[in-house]
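Let me begin by presenting the structure, written as structure tokens, before commenting on it.
Derivation of every value follows stated rules applied to the coordinates shown; laboratory data play no part. Because the structure is predicted, anything quoted here is derived from the model rather than measured. Ideal geometry is used to build each Cβ from the backbone, glycine not excepted, and the neighbour counts take in all protein chains shown.
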Amino acid sequence: MYCTNCGSPRSTDVSFCSECGTAYVVTALETQVSTVPAPPQQISLPSQEPVNTAPSRNPEVVPEISNQTQNTASRATFTVLGILLGVALLLFIGIQVYTQATGVNPVTSEVTLDSARIEQAIADDYAGIGVTATVECPDPMVAKPGESRNCIATYLLGLTNNVAVTVQNSQGDVTWAVQ
């Protein structure tokens, strides 16, 4: 309990406040609820801002958070962070495996094309018209469906053509045209 005049802690077995000398009047309510602190009061002094005269809490009454509770909270936080990191890592690995298996990056929709296969197919088309050509394409060749990448076909004493290779779909089907 606290003094209603100055807010200092008081003992239940005394009749006067040891700080300000105010006489205590014990009521039936005070005897039943002796652990409830007095509400804060505002006092305005002439040349000062209002002063809060709420009694200071008795440190013996204020519950403290035990080290065990703090350790449990820290452990729970690290567990959640660990789970989130694990899920992110699995997602990353899954995207990498899918990209390697299909040649398609599911995040960017880019297709990784087989440059050697495309070079051979273009060279075979040149051979179909009686021209021997060597073809060089970027390696790795990565593009989204609808995008084109350039390859260079070299034939007849070093003459060259640019060949535009266009990705048709996410399966890696392509078309090409000499430019």
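Distances longer than 16 Å among the Cα atoms of segment 80-179: what percent of all pairs is that? Here the tail beyond 16 Å accounts for 61 percent of pairs. Counting every other Cβ atom within 10 Å of each residue's Cβ, E136, E147, E110, E119 order from fewest to most as E147, E136, E110, E119.
Length gained on full extension, I129 to S8: 32.9 nm, using 0.36 nm per residue less the C-alpha separation.
Could you tell me which chymotrypsin sites (Phe, Trp or Tyr not before Pro) in segment 92-158 are loop residues by DSSP with no more than 15 other beta carbons within 10 angstrom of their beta carbon? Provide the component values of the computation, followed by the final result.
Values: sites: F92, Y98, Y126, Y155; in loops: none.
Filter output for segment 92-158: empty list.
Close amide H pairs (under 5 Å, H built 1.01 Å from N) link G172 with no residue at least 5 positions away or on another chain.
With a 10 Å Cβ neighbour count serving as the proxy for reagent exposure, in which order, fewest first, do I152, I129, I83 appear? Can you show the working numbers first?
Values: I152 16, I129 7, I83 10.
Ranking I152, I129, I83 by Cβ neighbours within 10 Å, fewest first, gives I129, I83, I152.
Couplings 3J(HN,Hα) of segment 147-161, computed from phi: 8, 10, 10, 9, 10, 10, 9, 10, 8, 5, 6, x, 5, 10, 10 Hz, in residue order, whole Hz [Karplus 6.51 cos²θ - 1.76 cosθ + 1.60, θ = phi - 60°; x for Gly and Pro].
Less than 5 angstrom separates the built amide H of R10 from those of Y2, C3, all sequence-distant by 5 or more or on a different chain. Once the chain from Q70 to L89 is taken as fully extended at 0.36 nm per residue, the excess over their C-alpha distance is 4.0 nm.
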